[in-house]
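A.B. asks: Below is a structure I'd like to ask you about.
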Amino acid sequence: MKLDTIQIRSFRNIREAELSFSDRFNIIVGKNAQGKTNLLESIFLLGTMKSFRMGRNGDLITYGSTSSLIKGRGFRGSVSREIALSIMESGKKAFIDGKPVVRPSDFFGNLNMVVFSPEDIAMVRGLPEVRRRYLDRAVFSGDTGYLSIHHEYCRTLKNRNALLKLGERDGLDAWTERLADTGARLMVKRESFTDEICGLLGEFYRRIAGAGEEALIRYRSRADTPDRSVAALARSLRDTLEKRIPEELRRGTTLTGPHRDDLECLLNNRPLSHHASQGEQRSFVLALKMAEIEYLKRRWGNPPLLLLDDMTSELDRDRNGNFMRFLREKDMQVFITTTGLDNIHLSGIRNYSTFPVHDGRVFTEVAHV
């Protein structure tokens with residue numbers, strides 16, 4: 001899976017850019033606040049229709065313009081696709097080979113991506129909602145059907161909360177039943193992903209940080225039953241919801257369900273946020289991203305694109321070197337932002353292109369092959 005070219009118009013501070021990429025390493029270099037992350041973000045949008053940064057659609061459009069356009073040509077095996085995304089304040093419109101995308105399943109999967117940015121460090125030391133966001137995005141990358149289940153759960157939760165805020169019990173049982181059933185399907189998919197990726201996480205953590213430490217993740221759910229089937233989880237969740245209805249009516253919100261679950265990050269069976277150094281936390285998140293890549297490669301038959309935003313500021317020299325050696329062994333396309341080429345271990349890398357960025361203008365230097 002590779003991104004061959006990209007055209008950008010009126011996206012954040014990038015007014016116009018047309019670039020061709022190396023099929024291995026692409027290094028986006030420049031001082032801070034010049035537009036490096038904006039270029040990386042535009043690539044991510046081509047695969048996901050969403051940004052890895054917070055903001056509204058209007059924030060993505062260059063000041064003074066009414067819309068943005070991002071267009072790229074990607075390859076999945078021998079199949080080529082032109083992917084385009086038009087962004088307006090009112091929403092986004094996607095096109096594949098010039099035709100409007102009607103079903104999300106027609107868009108997703110053409111360019112699978114994994115991104116690592118400084119904000120991801122907040123996942124291990126931040127609030128549970130940050131980890132849930134990561135988990136939902138990661139599960140969806142390998143299972144496009146997850147999106148419809150997630151949307152159904154969110155709609156059901158919204159309707160149930162509306163009744164709770166009004167203090168209404170009429171109709172609450174029906175929404176409770178639906179929330180338990182949908183929530184159970186959501187939890188099964190989350191748990192399946194977590195179980196599958198946990199072993200990969202441990203392997204990649206050892207490769208980045210060295211042997212002797214065990215990295216683990218566990219999905220923490222309030223559905224208390226040893227039977228983790230959909231039916232058993234639905235029963236457990238429904239029972240808990242029904243018991244807490246009086247309290248929920250007082251507080252006006254649903255207190256149990258996947259929207260309150262968490263992803264536990266552990267190093268040597270101790271919580272990462274309390275017992276690990278910043279370097280260990282960063283290595284953990286990076287190893288988790290590498291585990292995602294291997295998971296998606298097995299799932300789709302091709303490795304996803306890897307986007308690394310200011311990676312060198314998040315890893316010490318030894319871990320940076322270990323990680324770059326690991327990437328050299330993988331047949332994947334990589335995009336890296338950095339403030340200087342000296343920050344990246346380029347030794348042994350022959351196939352790469354550099355893209356200097358200054359004040360929203362992106363330049364292409366001679367490719368190294």
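Every number in this text was worked out from the coordinates using simple rules, so none of it is lab data. Note that this is a predicted model, so its numbers are computed, not measured. Because the Cβ atoms are built from the backbone with ideal geometry, glycine has one as well, and the counts that use them run over all protein chains shown.
A.B. asks: Within the chain, what's the longest run with no chymotrypsin sites (Phe, Trp or Tyr not before Pro) in a DSSP loop and at most 13 other beta-carbon atoms within 10 Å? Give the range, please.
C.D. replies: Working: sites that count: TYR63, PHE363.
Free of exposed loop sites, the longest segment is 64-362.
A.B. asks: Give me LEU164, LEU341 ranked fewest to most by other Cβ atoms within 10 Å of their Cβ, as a rough exposure proxy. Present the calculation step by step, with values, prior to reporting the outcome.
C.D. replies: Values: LEU164 21, LEU341 11.
Placing the least packed residue first, the sequence is LEU341, LEU164.
A.B. asks: Determine the sum of side-chain charges near ARG222: Lys and Arg each +1, Asp and Glu each -1, restricted to other residues whose C-beta is under 9 angstrom from that of ARG222. Kindly include the intermediate steps, with their values, before the conclusion.
C.D. replies: On the way: positive: ARG220, ARG260; negative: ASP224, ASP261.
After counting each charged neighbour, the total is 0.
A.B. asks: Moving on. For each of MET332, MET49, count neighbouring Cβ atoms within 10 Å of the residue's Cβ, then give the residues from fewest to most.
C.D. replies: Details: MET332 19, MET49 16.
By the 10 Å Cβ count, ascending: MET49, MET332.
A.B. asks: Evaluate 2.2 N^0.38 Å with N set to the residue count of segment 1-144, then give the Cα radius of gyration divided by it.
C.D. replies: Working: Rg = 15.2 Å, N = 144, 2.2 N^0.38 = 14.5 Å.
So segment 1-144 has a normalised radius of gyration of 1.05.
A.B. asks: Send over the Kirkwood Rh of segment 159-259, from the inverse of the averaged 1/r over different Cα pairs, rounded to one decimal Å. Intermediate results must be reported in sequence, preceding the final value.
C.D. replies: Numbers: mean 1/r = 0.0653 Å⁻¹.
Hydrodynamic radius (Kirkwood, Cα only) of segment 159-259 equals 15.3 Å.
A.B. asks: Show me the trypsin sites (Lys or Arg not before Pro) within segment 1-58 that DSSP assigns to loop and that have at most 14 other Cβ atoms within 10 Å of their Cβ.
C.D. replies: Values: sites: LYS2, ARG9, ARG12, ARG15, ARG24, LYS31, LYS36, LYS50, ARG53, ARG56; in loops: ARG12, ARG24, LYS31, LYS50, ARG53, ARG56.
Listed in order of number, the matching sites are LYS31, LYS50, ARG56.
A.B. asks: Under 25 °C and 0.890 mPa s, how fast does segment 221-285 diffuse according to Stokes-Einstein, given a Kirkwood radius computed over C-alpha pairs? Answer in µm²/s, whole number.
C.D. replies: Values: Rh = 14.3 Å.
Rounded, D is 172 µm²/s.
A.B. asks: For the chain, calculate the relative contact order in percent as a whole number, restricting contacts to Cα pairs under 8 Å that are 6 or more residues apart. Don't skip to the answer; put the middle values down first.
C.D. replies: Numbers: 686 pairs, mean separation 93.8, N = 369.
Contact order relative to length: 25 percent.
A.B. asks: Give the span of segment 236-369's Cα atoms along each principal axis, as three whole-Å numbers ordered largest to smallest.
C.D. replies: Largest first, segment 236-369 extends 67, 36, 35 Å along its Cα principal axes.
A.B. asks: Okay, moving on. Which residue, MET311, LEU288, PRO271, has the largest displacement toward the positive end of the dipole of segment 253-346 when charges sit on each Cβ (Lys, Arg +1; Asp, Glu -1)?
C.D. replies: Looking along the dipole axis, the top candidate is LEU288.
A.B. asks: For a quick check of your reading of the filter: which trypsin sites (Lys or Arg not before Pro) in segment 152-192 sit in a DSSP loop and have no more than 13 other Cβ atoms within 10 Å? Could the numbers behind the result be given before it?
C.D. replies: Details: sites: ARG155, LYS158, ARG160, LYS165, ARG169, ARG178, ARG185, LYS189, ARG190; in loops: ARG169.
Filter output for segment 152-192: ARG169.
A.B. asks: When every alpha-carbon pair in segment 293-345 is counted, what percent end up more than 15 Å apart?
C.D. replies: Values: 699 of 1378 pairs.
The answer is 51 percent, as a whole percent.
A.B. asks: Let me ask another. Would you kindly calculate the translational diffusion coefficient of segment 83-207, applying Stokes-Einstein with the Kirkwood radius from alpha carbon pairs, for 25 °C and a viscosity of 0.890 mPa s, and quote it in µm² s⁻¹ without decimals? Before the final figure, lay out the partial values.
C.D. replies: Values: Rh = 17.5 Å.
D, rounded to a whole number, is 140 µm²/s.
A.B. asks: Still on this structure: Distance between the C-alpha centers of segment 214-241 and segment 67-108? Whole Å please.
C.D. replies: Answer, in whole Å: 37.
A.B. asks: Quick one: grab Rg to one decimal and Dmax as a whole number for the chain, Cα atoms only, in Å.
C.D. replies: 21.8, 68
A.B. asks: To make sure I understand, if each residue's beta carbon is the centre and we count other beta carbons within 10 Å, what order do THR182, THR194, THR144 fall in, fewest to most? Can you show the working numbers first?
C.D. replies: Working: THR182 23, THR194 20, THR144 15.
Lowest count first: THR144, THR194, THR182.
A.B. asks: OK, next. Over all directions, how big on average is the projection of the convex hull of the alpha-carbon atoms in segment 1-53, in square nanometres?
C.D. replies: Details: hull surface 15.9 nm².
Hull-based average projected area comes out at 4.0 nm².
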